[in-house]
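Notes to accompany the following structure.
The values are calculated or read from the model by the stated rules, or taken from the named source; none is laboratory data. Predicted, not measured: the structure shown is a model, and the values here were computed from it. Please note: Cβ atoms are built from the backbone with ideal geometry, for glycine as well, and neighbour counts cover all protein chains shown. Calculation scope for accessible area: heavy atoms of the full protein, side chains included, ligands and nucleic acids excluded. Shrake-Rupley method; radii C 1.70, N 1.55, O 1.52, S 1.80 Å.
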Amino acid sequence: MYQYTDFDRQFVRQRAAQYRDQLERNLRGELKDDEFRPLRLQNGWYVQRYAPMLRVAVPYGELASRQLRVLAQIAREYDQPSAAVYQHASESQAELGTPHLPVGYGHFSTRQNVQFNWIPLTQSADVMDLLATVDLHGIQTSGNCIRNITSDALAGMAPDELIDPRPYAEIMRQWSTLHPEFAHLPRKFKIAINGAAEDRAATAWHDVGLHLRRNAQGQIGFKVLVGGGMGRTPVIASTLREFLPWNQILNYLEAVVRVYNRFGRRDNLYKARIKILVKAEGQRFVDEVEAEFESILTHDGAAHALPQAELDRVSAHFLPPHPSTTAADGQNSAVELSPKDAADYQRWLAQNVRAHKNPALRAVTLSFKRLGHAPGDATADQLDAAADLADAFSAGEARVTHEQNLLLPWVAEHDLPALWQAARRLGLAKANIGLLTDMITCPGGDLCALANARSIPLAQAIAERFQDMDELFDIGPVDLHISGCMNSCGHHHTGHIGVLGVDKDGREWYQISLGGSDGSHLSGAAVPGKVIGPSFAASEVTDVVEALLDHYRSQRQAGETFIDCVRRLGLDPFKLAANAVRRETRDGGRVLHVHLATADAATD
């Protein structure tokens, strides 16, 4: 993992001190709310439906165990609303059918960050100081700037990896943090980088997607994709360069963002993303970027290529851990399992354990998709327990995944039985990774003021319907993604089955889409799913999902996955299956009171 230098730590702590001063002036009435709003957003503090929400930056998903423990402390001590706030929230959500709102937890987001939903703003500076003690912060996790740079959660260990993307991601993080030209872009800007043969970073869905590769001469460079994004207008990124030498990547990114900053729409929030500019301008956009790139190289002055020495310096932080730190004292190879446990363990090996470029190691995913918890939620105790597992089995490191789980990257193969038993005791060993109940879900209308509908109750209803592991394994791999509004924080566009909450006459309804892809080998080339008809009531959605899967199981060919079956048969037969469960009396929709005026529009 990258270790912060003295300069890095001083920078983060100075920023925390600056935020404390801003907060105190706001609380004294010296800094008006409208003036304070962009300052708190720059540090990751939103105002959501009932309380502030903090987004903690986790660059390319890497967390040390000491950082997990501080996140647990924040969940336990600070993610606790006042009695009045919680009573109001509970009463409001009870009217919608949400009987309980949990507090005291962190939430893993699809952008490999960690969020908290209940921290009182009066305590926010204390939280920033605490984060800074372990090199964490919320800088640029919100606002119209370059956001957290994401990557493949298997970076540095995947057998199909060509080049480790993490050093490049770290260099880009340092370059983009508080970049003076890009603090006030037309809209938020997201970069993802992939270094493997398989794209596990959904790069085509980002403002900029980067693929590390080698040319015919063996030189390292990037394929550069620009203009992807979800939201109201889902767009797949366009290729601007098939091969850009690695040492020019910062110059080229600077050119892309300069052109966006100059020509991006600022008069319309819904047309402000770079995807709209790329789509509207086509070749002209490419020409402008190339001209700006040339100008940087020839007219800006000084040397601009990224020095090899700097790449070497940063890369030194990403060497694999020493073998002695990845094993739990050899005590785990003698663990004995009962016949039933052995069967469950084999399923866990098949779903939650991935091969490693080091044959003696494995990458293990802890499932945070469990009954009674929103997908991606981790209690304070679970965060502490995950830190203990990371120390005992994974060289003190864990990673937040795009799928809202936590991955242990450096597990010795002979420690797998003991890790499985320890994770099972914590409720984190469900063998559902990649299966139906491993859902991506946004917080939705229970917490987010921008949402049109709730997401979490749907995820819980589907998880309850599909508890049988035999059935889940029979269905096979399915990406089910749920968003509570068109902002697409639940990535519904990329789901094999996508669910989108919509507002119809002030009530909750849900559109169902099929055939989406994030660009992985399983899903094929990135493409948005297609809506299969009019929206469904909340009470119908679980039945619709079951009908779609039943039709797949009745029509599939040997070894055929759900997504392949959808593409072979087309949407019409699945649409008929879904429509067959519509009910004559639509009593599932409930009024969802959305207070957009108080919400922060910049979302994940």
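Here is how the numbers come out for the structure above:
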{"quantity": "Qualifying positions in segment 527-568 - under 16 Å from SER517 (Cα atoms), crowded, with 17+ Cβ neighbours inside 10 Å and without any contact (Cβ under 8 Å) to a residue 12 or more places away in the chain", "calculated": "ASP564"}
{"quantity": "Residue in segment 127-149 that is at pLDDT 95 or above, more than 23 Å from ARG9 (Cα to Cα) and hydroxyl-bearing (Ser, Thr, Tyr) present", "calculated": "no"}
{"quantity": "Out of LEU416, LEU450, sole residue that is more than 24 Å from LEU71 (Cβ to Cβ) and open to solvent by 20 Å² or more (accessible area, probe 1.4 Å)", "calculated": "LEU450"}
{"quantity": "Subset of segment 240-272 (residues that are touching a residue at least 40 places away in the same chain (Cβ under 8 Å) and of a type in the set (Phe, Trp, Tyr))", "calculated": "TRP246, TYR252, TYR260"}
{"quantity": "Any hit, segment 213-229, residues being on the phi < 0 side of the Ramachandran plot, polar (S, T, N, Q) and open to solvent by 50 Å² or more (accessible area, probe 1.4 Å)", "calculated": "yes"}
{"quantity": "Any hit, segment 237-253, residues being closer than 21 Å to THR110 by Cα, open to solvent by less than 30 Å² (accessible area, probe 1.4 Å) and not in a loop (DSSP other than H, G, I, E, B)", "calculated": "no"}
{"quantity": "Only one of PRO375, PRO359 that is under 29 Å from ILE191 (Cβ atoms) and of a type outside the set (Val, Ile, Thr)", "calculated": "PRO375"}
{"quantity": "Lone unmet requirement of (1) in a loop (DSSP other than H, G, I, E, B); (2) closer than 30 Å to LEU101 by Cβ; (3) without any contact (Cβ under 8 Å) to a residue 60 or more places away in the chain for SER513", "calculated": "(1)"}
{"quantity": "Residue that is surrounded by 12 or more Cβ atoms within 10 Å (Cβ to Cβ), among the polar types (S, T, N, Q) and modelled with pLDDT of 85 or more, where the choices are SER338, SER315, SER333", "calculated": "SER315"}
{"quantity": "Helices (runs of 4 or more DSSP H) contained in segment 1-100 and holding at least 1 residues open to solvent by 70 Å² or more (accessible area, probe 1.4 Å), within 29 Å of TRP410 (Cβ to Cβ) and not hydrophobic (A, V, I, L, M, F, W, C)", "calculated": "6-27, 65-77"}
{"quantity": "For LYS275: the one exception among (1) charged (D, E, K, R); (2) open to solvent by 20 Å² or more (accessible area, probe 1.4 Å); (3) modelled with pLDDT of 95 or more", "calculated": "(2)"}
{"quantity": "Residue check, LEU514 touching a Gly at 6+ places or on another chain (Cβ under 8 Å) and modelled with pLDDT under 95", "calculated": "no"}
{"quantity": "Residues that are within 9 Å of THR379 (Cα to Cα) and free of Cβ contacts under 8 Å to residues at least 60 places away in the same chain, drawn from segment 93-110", "calculated": "VAL103"}
{"quantity": "Qualifying position, being aliphatic (A, V, I, L, M), under 30 Å from ALA355 (Cβ atoms) and open to solvent by less than 30 Å² (accessible area, probe 1.4 Å), among ALA125, ALA169, ALA132", "calculated": "ALA169"}
